[in-house]
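Worksheet: one structure, shown below.
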Amino acid sequence: MIRSKYAFLKRLTRDLKMRSIDVGEELEGATPPSVFIGSWNYPRVYAGPMIAPMQGEVEIFDSPERWIPESKTQEEIIDYRLNLIRGKQLVGVRDLDNHLVEKLQEISLSSGAIESEAQFRKKPRGLFFSEEQTPHGPSAVLENFEIENVKWDRELERAHYDTDLRAGEAIVELHRKGTPFSAIQKALSVGALGDARKRRLVPTRWSITACDSTLADHFHRRVLEYEILDTYRVHEFESLKNRYLILLTPSEWQYEWMEAFIKRDGRAMIFSDHETLKGKGGYSRVGGCYYSARMAVLEALDREEKQAGAIILREAYPGYVPLGVFNVRENVKNAMRVRPHEFNSLKEALEFMDRKLKLGLDAFRRRSNLLRDISSSRQTTLDSFFR
């Protein structure tokens, strides 16, 4: 399924009428801060900074946590990202003493934008879109890269120098202290966190899922200890040409993620995956969005100190452009902060969801496991559930 999803999204972006920013072989600007570690050819990967051809207030170019609260449009976000030029060099993932890698660590631990200069082997070209990672503009191999003095973020610096602290513990602790997810992910990606003996470069796509999974598993262990929710709830949220409906059920933890990409002719491609109380084995067949949404819901349940089942339905409408799994994580986070609609019966909750969906609930139910199962269950009221 993951192959068919990525093939569909690749076709979706292939016909986009967008152009990369035009820069030459030399570039003066600033990094937001931003880095990118590729996965091709692992364990030797292309690593490097992403630089905007300007100085000053460029932090917004790589601050996905700000985009939805500040009501940035899809077009604004794409403009930010296509203004980032990716420089790269081929390095081994354990070669943390490499001069470029040392600069990438400086960048990832920074508390703000950093003035930068780059010389490329050739003129940067192309653009990059992905459902897993945020887009960026043209790229080229670096001949030379220099940065100005860097002021490190205090919490990231403390975690970096604690070389006995395991990476998972560092991720959870930094999140607890309010460090943005994107900053934690970048620090993990450049080998700046964890036991010194195990540090290495982690491809950006892998580090995103690693952070989501680590945080989700932490919240999951806590949520299983809480009392079960005593009502049916539906959270809804819409932004960036996506609508999300999140059904919370009065049950032990179980989770299903379903997403529909609606074409201009009204037809849709629907993808789904799920887990029961026992958890899930192997990587999700729908990719990183599964873990981002799971983390966001479990974080909200932990905040409320409640346990529930969760079924998330996503509709992506015509004109949607893949922006990375931040889109899912931040939308679901915002949805969980919106006051929910509450219902005494599953029937009422499902009827409400059906009215809110352009495809209707049946389109999702046909591709579902958990939604189909609970829809056919006789336990449709709270009274019957708690007997």
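When the Cα positions of Val58, Ser110, Tyr80 are compared along the charge dipole of the chain, Tyr80 comes out farthest toward the positive end, with charges on each C-beta of Lys, Arg, Asp and Glu. Measuring with a 1.4 angstrom probe and ignoring ligands and nucleic acids, Arg121 comes out at about 140 Å² accessible. Mind jotting down the distance between the C-alpha centroids of the range 290-366 and the range 114-164, whole Å? Taking the Cα centre of the range 290-366 as reference, the centre of the range 114-164 is 33 Å away. Rolling a 1.4 Å probe over the heavy atoms of the protein chains gives the range 250-354 an accessible area of 35 Å² per residue.
Of the solvent-accessible surface of the chain, computed with a 1.4 Å probe and all protein chains present, 44% belongs to carbon and sulfur.
For the peptides 180-186, 62-68, the ranking by packing is 180-186, 62-68, with the highest mean count of neighbouring Cβ atoms within 10 Å listed first. Given their separation in residues at 0.36 nm each and the Cα-Cα distance between them, Asn41 and Glu157 gain 38.7 nm when the chain is fully extended. The order of the peptides 70-81, 152-163, 29-40 by mean Cβ neighbours within 10 Å, most packed first, is 29-40, 152-163, 70-81. Compute the separation of the alpha-carbon centres of the range 204-260 and the range 17-50 and state it in Å as a whole number. Using only Cα atoms to place each centre, the spacing works out to 32 Å. For the chain, relative contact order (Cα pairs under 8 Å, six or more residues apart, normalised by length) works out to 16 percent.
A cut-off under 10 angstrom between Cβ atoms defines the neighbours of Pro43, and their net charge, with Lys, Arg +1 and Asp, Glu -1, is +2.
For the range 53-164, the number of Lys pairs with C-alpha atoms closer than 15 Å, counting only pairs eight or more positions apart or on separate chains, is 4.
Lys-Lys pairs in the range 175-316 that are eight or more residues apart or on separate chains and whose Cα atoms lie under 22 Å of each other come to 6. With all protein chains kept in place, the per residue accessible area of the range 83-194 amounts to 45 square angstrom at a probe of 1.4 angstrom.
Between Gly309 and Thr249, Ser251, Gln254, the built amide H atoms are under 5 Å apart, and every one of these is 5 or more places off in sequence or on another chain. Between Ser130 and Gly324, the built amide H atoms are under 5 Å apart, and every one of these is 5 or more places off in sequence or on another chain.
Across the alpha-carbon set of the range 20-175, the Rg to Rh ratio works out to 0.96, Rh being the Kirkwood radius. What shape does the range 226-344 take by its C-alpha gyration tensor, where a ≥ b ≥ c are the square roots of the eigenvalues and a/c under 1.5 counts as rounded, a/b above b/c as prolate, and the rest as oblate? Prolate, because a/c is 1.5 or more and a/b exceeds b/c.
Ellipticity at 222 nm from helices only: DSSP H runs of n ≥ 4 in the chain, each -39500 (n - 2.57), divided by the residue count, give -10500 deg cm²/dmol. What you get for the chain, charging only the Cβ of Lys and Arg (+1) and of Asp and Glu (-1), is a dipole of about 1700 debye around the Cα centre.
The values are calculated or read from the model by the stated rules, or taken from the named source; none is laboratory data. From a predicted model like this one, the values you see are computed outputs, not experimental measurements. Note that we place each Cβ from the backbone using ideal geometry, even for glycine, and neighbour counts take in every protein chain shown. Remember, those area values only see protein heavy atoms, side chains included, never the ligands or the DNA or RNA. Shrake-Rupley method; radii C 1.70, N 1.55, O 1.52, S 1.80 Å.
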